[in-house]
Amino acid sequence: MAIKRKMPREKRRLRLRFGKPGQEPETLGYTQDISPAGLFVAAYKLDNLSNVIWLTVELPDEDVLLHGKVVWKRRVRREMRSLARSGFGVQLTQAPEAWYKFFMQAGYAMA
């Protein structure tokens, strides 16, 4: 299955927490790649993952709350983790101005 992205992703590791809408995001994860429109979250706890998600991402200057939709998820067995990552892909539905400013300051080509 080909992934259709509107914007290219950049490899970037940022610490984050994620959870259900309306609740404080508590489950720890890290980004593997990001774009202004979405991101891949490397995480092992995928059991209670809902289709709609809130994420608090730790940017260098501030934490930002993102709203998104889980578009796919992949659970990798422990013995296979050196070959692939467990995690999920998120298409963002709402992000604050600070999220986009972060990309502009990093020199990301906003299309």
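The values are calculated or read from the model by the stated rules, or taken from the named source; none is laboratory data. Values in this document were obtained by computation on a predicted structure and should not be read as measured data. Cβ coordinates were reconstructed from backbone atoms using ideal geometry, including for glycine residues, and neighbour counts include every protein chain displayed.
The figures follow:
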{"quantity": "Cβ-Cβ under 8 Å pairs, at least 6 apart or on other chains, region 79-95 side closer than 16 Å to residue 50 by Cα and hydroxyl-bearing (Ser, Thr, Tyr), far side crowded, with 18+ Cβ neighbours inside 10 Å and modelled with pLDDT of 95 or more", "calculated": "93/68"}
{"quantity": "Restricting region 45-66 to residues that are over 13 Å from residue 102 (Cβ atoms) and not aliphatic (A, V, I, L, M), the residue that is surrounded by the most Cβ atoms within 10 Å (Cβ to Cβ)", "calculated": "54"}
{"quantity": "Candidate set from region 45-55 (those that are more than 9 Å from the chain's Cα centre (by Cα) and assigned to a strand (DSSP E or B)); member that is farthest from residue 106 (Cα to Cα)", "calculated": "52"}
{"quantity": "Residues located in region 1-21, provided they are of a type in the set (Gly, Ala, Ser) and at pLDDT 90 or above", "calculated": "19"}
{"quantity": "Leading residue by the ranking (surrounded by the fewest Cβ atoms within 10 Å (Cβ to Cβ)) among those in region 26-44 that are in a loop (DSSP other than H, G, I, E, B) and not aromatic (Phe, Trp, Tyr)", "calculated": "26"}
